[in-house]
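The values are calculated or read from the model by the stated rules, or taken from the named source; none is laboratory data. Just so it is clear, the structure is predicted and the values come from calculations on it, not from any experiment. Cβ sites come from the backbone with ideal geometry, for glycine too, and all protein chains shown count toward neighbours. Accessible surface areas use protein heavy atoms only, side chains included; no ligands, DNA or RNA. Shrake-Rupley method; radii C 1.70, N 1.55, O 1.52, S 1.80 Å.
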Amino acid sequence: MPDSHLPPVEELLSAAVTALGGSERAGQIEMVRAVQRAIDTEEHVAVQAGTGTGKSLAYLVPSIRHAMGTDSPVVVSTATIALQRQLVDRDLPRLAETLAKELPHEPSFAILKGRRNYLCRYKATAGWPEEDEQDQLFDPREVSATGRMVQRIQEWAEETETGDRDELVPGVSEQAWRQFSVSAQECLGAQRCPSGAECFAEMARARAGEVDVVVTNHALLAIDAMGEIPVLPEHEVVVVDEAHELVDRVTSVVTAELSEASVSLAVRRVARLIDQPVSDQLMEAGEDLKALLAAAPAGRIDELPEVLGLTLALVRDSAARCVTAMGPRGADKDDPERAGQRKAAFNALDEVHDTAVRMLEAYGHAGEEDRAEVVWLEDGNDRRPPVLRVAPLNVGGMLRDKLFGERTVVLTSATLALGGTFDGMARQWGLTDDKGWNGLDVGSPFDHPRAGILYVAKHLPQPGRDGLPQQYLDEITELIEAAGGRTLGLFSSMRAAKAATEALRERLDVPLLCQGDDSTMLLVKQFAESEPTCLFGTLSLWQGVDVPGPSLRLVIIDRVPFPRPDDPLTSARQRHVQARGGNGFMTVAATHAALLLAQGTGRLLRSMDDKGVVAVLDPRLATARYSGFLLGSLPPFWRTTDPAVPRAALKRLSGA
């Protein structure tokens with residue numbers, strides 16, 4: 001049925017809102033029309049929709065309508081597992097049931113994850129080559145945590161209908177799960193695998209090809225858009241929720257690493273398949289790399305040292321000789337076990353070879369402005385040796401060509417208009433004026449100036465590098481006492497969060513939790529269920545906490561969350577923008593800080609009845625030349641720098 005024969009999108013939204021017991025909101029209606037218009041005109045749209053707008057409904061309704069009218073699924077991509085679960089377990093089932101009366105059939109949906117998330121039947125039945133010492137199955141009789149997990153997976157494998165790792169509750173470690181899963185590169189393919197006909201990953205993909213809405217994640221969306229083999233079913237429209245996370249997730253997908261461990265893995269996988277002298281050359285190259293990385297200082301590598309260049313070339317050439325010695329890639333089709341060994345070996349060799357090539361090609365450009373990638377050395381620790389990494393300075397070009405060039409994209413989040421404009425995010429996504437896109441801020445249903453105060457502690461000293469100054473601890477103590485607990489403390493580092501927790505546990509009479517004391521999910525639950533309790537933590541709490549009601553009256557932010565000056569990727573990106581005549585600080589560091597600040601301050605109001613204070617202890621938010629840009633990125637709370645105002649307000653709320 002073509003779109004024109006279906007009910008208008010406003011009518012469908014109204015039916016859904018009424019059936020779900022809600023009330024229509026102006027921002028939600030504006031957003032649903034904008035998404036429908038983008039689908040109709042095939043122009044991209046970025047929609048900033050504050051908490052409480054009901055943005056999931058606003059993009060799901062036109063998505064379902066389009067899927068019904070074209071018989072083509074719409075892909076919805078999220079950054080977090082929490083939002084995926086909300087969509088699949090709550091929003092979509094309720095919406096499907098509601099819209100069934102208005103549409104030709106009940107809307108259908110499915111979740112699709114990367115292959116690593118599904119049990120591999122062939123590997124689970126011990127058909128897979130155990131070429132890696134660290135991948136050996138533990139004896140289930142072993143009285144160890146990993147052994148017990150392995151045994152539990154084996155029992156679950158006999159009864160599961162989906163093979164989805166998330167069904168395993170409680171979860172299992174990566175070490176245990178690795179024994180039962182394969183990556184897309186390692187997979188033999190459904191045609192060649194003895195278990196191909198009953199492959200869980202293939203069944204999930206088949207289901208996704210038959211539904212109206214496919215829910216996935218940003219990483220898989222990037223792999224699908226940039227890979228040669230499609231992972232997602234054919235689609236014309238993509239909705240990117242939590243779009244402020246897209247660039248970081250795509251960057252992670254296209255970042256490669258090289259270490260002695262990755263070379264050793266390739267050697268172990270190929271050693272039994274080729275003559276030993278050839279694999280020994282790769283092993284020796286790996287040992288040279290290990291010695292070099294152990295002696296080198298961590299950090300960004302701007303110029304290629306001669307010895308590193310020679311070592312990378314040695315790794316590259318040795319891996320290439322091993323690939324040649326392996327013979328044609330399609331051999332041994334009729335012997336699944338040997339085919340599995342060869343596929344695993346080719347995969348490991350390709351990764352080592354291609355990464356070495358990328359690292360060598362990152363150098364030799366005429367000027368800084370021509371550089372495309374950055375290479376850095378990450379320090380090792382007791383559990384992990386040093387590792388070389390390479391990442392692109394900009395993923396906008398990739399997104400522009402591979403994602404935005406092929407389909408209509410709707411991008412949405414509560415925080416996209418940084419400094420009051422979409423330009424910063426659009427630049428990161430590769431959307432330019434000639435690409436056909438619109439930006440729209442539909443606002444928030446919250447009355448921010450009446451419901452919240454943004455207090456900037458202008459009288460405090462600037463934060464230093466030596467931990468929290470005493471004045472900061474005094475300020476935090478007085479604010480928490482005024483609020484009667486009920487505080488979420490967002491810190492720029494784990495060290496600062498722990499230091500504040502230790503110092504304040506002795507000074508406060510309310511329970512104080514710190515991230516790391518238990519799983520973050522359990523800590524947030526404990527915080528939400530006990531009103532006087534405070535919770536201190538770092539990055540994941542800035543973006544992942546949803547605690548409506550009286551348990552949260554005060555959000556404290558210790559400092560403007562600029563990226564670390566020694567962070568290799570962000571510092572390289574900043575310098576690259578500078579070399580091209582732009583403002584590197586504002587484009588990279590200030591944009592990063594604005595995004596996190598907006599996310600952090602957004603923790604305060606989560607429902608229509610919420611009230612409280614956001615306290616930023618860093619005076620730079622009131623005094624620095626860039627403060628206007630940062631403040632322009634935040635919700636329009638009532639602002640003050642007078643310490644007495646937030647304390648009086650918190651005491652009134654505490655008394656109420």
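Taking helices (runs of 4 or more DSSP H) that do not extend beyond region 1-101, which have at least 1 residues that are within 28 Å of GLY114 (Cα to Cα) and open to solvent by less than 10 Å² (accessible area, probe 1.4 Å)?
Per the criteria, 26-41, 55-70, 92-99.
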Does ALA339 qualify as being over 30 Å from TYR363 (Cβ atoms) and not in a loop (DSSP other than H, G, I, E, B)? yes
If I ask for residues that are modelled with pLDDT under 90, closer than 29 Å to VAL238 by Cα, of a type in the set (S, T, N, Q) and under 21 Å from the mean Cα position of the chain (by Cα), which ones from region 167-219 would you list? SER183
Any idea which of ASP335, ASP280 is out of contact with any Ser or Thr (no Cβ under 6 Å at 6 or more places or on another chain), under 30 Å from SER195 (Cβ atoms) and free of Cβ contacts under 8 Å to residues at least 12 places away in the same chain? ASP335
Check whether at least one residue in region 56-73 is modelled with pLDDT of 95 or more and either touching a Gly at 6+ places or on another chain (Cβ under 6 Å) or among the β-branched types (Val, Ile, Thr) (or both), and report yes or no. yes
Any hit, region 642-654, residues being assigned to a loop (DSSP other than H, G, I, E, B) and at pLDDT below 95: no
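Quick grid of which residues meet (1) without any contact (Cβ under 8 Å) to a residue 12 or more places away in the chain; (2) touching a strand residue (DSSP E or B) at 6+ places or on another chain (Cβ under 7 Å); (3) buried (at least 17 other Cβ atoms within 10 Å of the Cβ); (4) over 18 Å from VAL357 (Cβ atoms):
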site	(1), (2), (3), (4)
ALA219	no, no, no, yes
ALA222	no, no, yes, yes
VAL237	no, yes, yes, yes
ASP248	yes, no, no, yes
VAL254	no, yes, no, no
SER264	no, no, yes, yes
ARG269	no, no, yes, yes
With the first residue restricted to region 434-453 and required to be at positive phi, and the second required to be open to solvent by less than 40 Å² (accessible area, probe 1.4 Å), Cβ contacts under 7 Å at 6 or more apart or on different chains are GLY436/HIS44; GLY443/GLY27; GLY443/GLY50
Residues in region 118-166 that are within 18 Å of ALA344 (Cα to Cα), open to solvent by 50 Å² or more (accessible area, probe 1.4 Å) and at pLDDT 85 or above total 1
Take the residues of region 458-503 that are in contact with a Cys (Cβ under 9 Å, 6 or more places away or on another chain) and in a loop (DSSP other than H, G, I, E, B): which is surrounded by the most Cβ atoms within 10 Å (Cβ to Cβ)? ARG486
Test: residue in region 187-202 that is aliphatic (A, V, I, L, M) and within 30 Å of PHE422 (Cβ to Cβ): no
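Residues are listed down the side, and each one gets a yes or a no for (1) modelled with pLDDT under 95; (2) crowded, with 16+ Cβ neighbours inside 10 Å; (3) among the hydroxyl-bearing types (Ser, Thr, Tyr):
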site: ASP288; (1), (2), (3): no, yes, no
site: ASP302; (1), (2), (3): yes, no, no
site: VAL307; (1), (2), (3): no, no, no
site: ALA320; (1), (2), (3): no, yes, no
site: ARG329; (1), (2), (3): yes, no, no
site: ASP335; (1), (2), (3): yes, no, no
site: GLY340; (1), (2), (3): yes, yes, no
site: ARG358; (1), (2), (3): no, yes, no
site: GLY364; (1), (2), (3): yes, no, no
Return a yes/no flag: does region 376-384 have any residue that is modelled with pLDDT of 95 or more and under 30 Å from LEU621 (Cα atoms). no
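Quick one: count up the residues across region 418-455 that are part of a loop (DSSP other than H, G, I, E, B), buried (at least 20 other Cβ atoms within 10 Å of the Cβ) and over 23 Å from the mean Cα position of the chain (by Cα).
Qualifying residue count for the region: 3.
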Cβ-Cβ under 9 Å, sequence separation 6+ or interchain: first residue in region 640-656 and touching a residue at least 12 places away in the same chain (Cβ under 8 Å) and small (Gly, Ala, Ser), partner assigned to a strand (DSSP E or B) and surrounded by fewer than 18 Cβ atoms within 10 Å (Cβ to Cβ). Which pairs? none
For region 504-524, the count of residues that are under 20 Å from GLY602 (Cα atoms) and either part of a loop (DSSP other than H, G, I, E, B) or more than 23 Å from the chain's Cα centre (by Cα) (or both) equals 1
So, first residue touching a residue at least 40 places away in the same chain (Cβ under 8 Å) in region 320-332, second residue among the aliphatic types (A, V, I, L, M) and assigned to a helix (DSSP H, G or I), Cβ within less than 6 Å, six or more apart or across chains; the pairs are ARG321/VAL278; CYS322/VAL270; CYS322/VAL278; CYS322/LEU282; CYS322/LEU349; ALA325/VAL278
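Quick one: which residue in GLY50, GLY54 is within 28 Å of LYS611 (Cα to Cα) and touching a strand residue (DSSP E or B) at 6+ places or on another chain (Cβ under 9 Å)?
Only one candidate qualifies: GLY50.
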Just checking, which of ALA325, ALA344 is more than 35 Å from the chain's Cα centre (by Cα) and in a helix (DSSP H, G or I)? ALA325
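Residues checked against (1) touching a residue at least 12 places away in the same chain (Cβ under 8 Å); (2) within 22 Å of THR415 (Cβ to Cβ):
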{"site": "VAL9", "(1), (2)": "yes, no"}
{"site": "LEU20", "(1), (2)": "yes, no"}
{"site": "ARG37", "(1), (2)": "no, no"}
{"site": "GLY54", "(1), (2)": "yes, yes"}
{"site": "THR98", "(1), (2)": "yes, no"}
{"site": "PRO107", "(1), (2)": "yes, no"}
